[in-house]
1. Would you tally the residues in the range 89-111 being outside any loop (DSSP other than H, G, I, E, B) and within 16 Å of Gln125 (Cα to Cα)?
2. Please specify each residue of the range 104-116 satisfying the condition of being more than 10 Å from Ile63 (Cα to Cα) and buried (at least 18 other Cβ atoms within 10 Å of the Cβ).
3. I'd like the full set of residues that are of a type in the set (Gly, Ala, Ser) and closer than 13 Å to Val127 by Cβ, limited to the range 190-209.
4. Taking the criterion of being touching a Phe, Trp or Tyr at 6+ places or on another chain (Cβ under 7 Å), surrounded by fewer than 21 Cβ atoms within 10 Å (Cβ to Cβ) and among the polar types (S, T, N, Q), would at least one residue in the range 192-201 satisfy it?
5. Can you find even one residue in the range 58-68 that is modelled with pLDDT of 95 or more, small (Gly, Ala, Ser), part of a loop (DSSP other than H, G, I, E, B) and open to solvent by less than 40 Å² (accessible area, probe 1.4 Å)?
6. Gly183: modelled with pLDDT of 95 or more and open to solvent by 10 Å² or more (accessible area, probe 1.4 Å), yes or no?
Amino acid sequence: AFEIPVFKNMPIAPCTVKKFADVAQDAWYSQAVNYVVDSGIMTGYKSNGLFGTSDSIQRQDFIVMLARYAGADLSAYASAQNTFPDVDNNGYYATAVKWGVDEGIITGYTHNGMFGVGDFITREQLVTMLYRYAKNVLGKDVTVSDDAETNAAEKFNDYSNVSVFSTDAVLWATEKGVINGKGENHDAIDPQGNAQRCEVAQIMYNIFKNDVL
């Protein structure tokens, strides 16, 4: 079976290459966009040729991106059992979702048993998936320092808004430099905010630059 290559060791894409009309060369995310596109993790829109920098990403689309990054052989999941009633077994995302479940990356919503197809992924949900990928798939040590929570509370003015289910993941992500904070002073996590495409590109680029995974 054909396996998607692993992209985490790809060279850094030069930020001078202009690929999308909506990505300015001097934008803070321009080099990140080039990295994820050149690496095959993300693509632009075929309909208009834009990257869609400020568009939010849906949950099923991010697990597809993560599967691409991991180089997962999704063909092995074509006939696997589907555990979510809202996942179309013929959907473009179905095998990636099954892979995510099998690898312990996604568990779905506890209140209704759904995966949340069509829902925008929040920033804390996204880093939770990355955290579980690092821990459950790669076997990485995701232990944080004793000062991680204190440091996060001091640096980010909305740390107290982080949901319980994602606390460990957010602390790991902030300490490893996976997320650096939003706003002019980079002092907000925005845990329940929708993850925009430019932010996801930057997060994946941060992982590459900091050799997190």
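1. 3
2. Of the range 104-116, the ones more than 10 Å from Ile63 (Cα to Cα) are 104, 107-116.
Result: Gly108, Phe115, Gly116.
3. Gly193, Ala195, listed by residue number.
4. yes
5. The answer is no; no qualifying residue exists.
6. No.
The values are calculated or read from the model by the stated rules, or taken from the named source; none is laboratory data. Here the structure is a predicted model, which means the values were calculated and not measured. Here Cβ is always computed from backbone atoms with ideal geometry, including for glycine, and neighbour counts include all displayed protein chains. When the accessible area is computed, the model is the full protein with side chains, heavy atoms only, and any ligands, DNA or RNA have been set aside. Shrake-Rupley method; radii C 1.70, N 1.55, O 1.52, S 1.80 Å.
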